[in-house]
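Report on the structure given below.
The values are calculated or read from the model by the stated rules, or taken from the named source; none is laboratory data. In this text, all values refer to a predicted model and were calculated from it rather than measured experimentally. Cβ placement follows ideal geometry from the backbone for every residue including glycine, while neighbour counts extend to all protein chains displayed. With ligands, DNA and RNA removed, areas are computed over all heavy atoms of the protein, side chains included. Shrake-Rupley method; radii C 1.70, N 1.55, O 1.52, S 1.80 Å.
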Amino acid sequence: MFTGIIDHLGTVETLERTGDAARLRLRAGDLIRDLPHGGSLAVDGVCLTAVPDPEAGEGVFLADVMGETLQRTTIGRLAPGDAVNLERCLPAGGRFDGHIVQGHVDGTAQLVKRADAEHWRVLRFTLIPELAQYVAMKGAIAVHGVSLTVSAVSGPAPEPWFEVSLIPTTLANTVLGRLTTGDVVNIETDVLARYAQNLADFAQYRTRGDH
């Protein structure tokens, strides 16, 4: 489990395609100094299994990425030199900030509007209708792995959208500060909202007597 509090950026070294999968090599520096073989690391919000790369020296890891992940997330769009948000999983007894982030990305969203204030920035993203039902005003959402609060939402609409407001710390310490209009990001909606929807679906199923 992660919290969406990003305090480290990594740099993509290579992304090698192998049929319908890929292998990511990424430099993470001191963040992975004590990461065990096969430990979990969130890359732009995507939970990957990290394996140290001894041939590349300290601070570099490899991660195999399956086709499902390539299809659902932005990992397949990465190129050498790209910066990515990194987060280690939450240790037992660790301080819980942010919100519950699983690293299981629901899909992607595109930045369609950026409004700059003096010390903060508002980003508006489009959202596919299937995910829009899980995004609520003042609710939690993870954008590229960053725990954020939804500051505005379209509600039910043919082309739904939501907005988040970023403080200077988020702009400076994550890749969200580098986004430009048209960029695509990973989205993970609130797991509690997804479970609530699943329970409602099953309750409706039992009410109809379709069992």
Those residues that are over 14 Å from L24 (Cα atoms) and either open to solvent by 60 Å² or more (accessible area, probe 1.4 Å) or touching a Lys or Arg at 6+ places or on another chain (Cβ under 7 Å) (or both), I need them from region 78-96; list them, please. R88, P91, A92, G93, R95, F96
If you go through region 63-113 one residue at a time, how many are part of a loop (DSSP other than H, G, I, E, B) and either in contact (Cβ under 8 Å) with a residue 40 or more places away in the chain or hydrophobic (A, V, I, L, M, F, W, C) (or both)? 21
If you go through region 153-166 one residue at a time, how many are open to solvent by 20 Å² or more (accessible area, probe 1.4 Å), without any contact (Cβ under 8 Å) to a residue 40 or more places away in the chain and either touching a helix residue (DSSP H, G or I) at 6+ places or on another chain (Cβ under 7 Å) or in a strand (DSSP E or B) (or both)? 1
Flag if E118 is open to solvent by 50 Å² or more (accessible area, probe 1.4 Å), part of a helix (DSSP H, G or I) and either closer than 18 Å to S165 by Cα or not hydroxyl-bearing (S, T, Y) (or both): no
So I100 clears everything in (1) touching a Leu at 6+ places or on another chain (Cβ under 8 Å); (2) open to solvent by 50 Å² or more (accessible area, probe 1.4 Å); (3) β-branched (V, I, T); (4) more than 19 Å from M1 (Cα to Cα) except one condition, right? Which one? (4)
Can you report the number of residues in region 178-211 which are modelled with pLDDT of 95 or more, open to solvent by 20 Å² or more (accessible area, probe 1.4 Å) and not charged (D, E, K, R)? 4
Residue selected from region 18-40 under the condition free of Cβ contacts under 8 Å to residues at least 40 places away in the same chain and charged (D, E, K, R), by the criterion least open to solvent (accessible area, probe 1.4 Å): R25
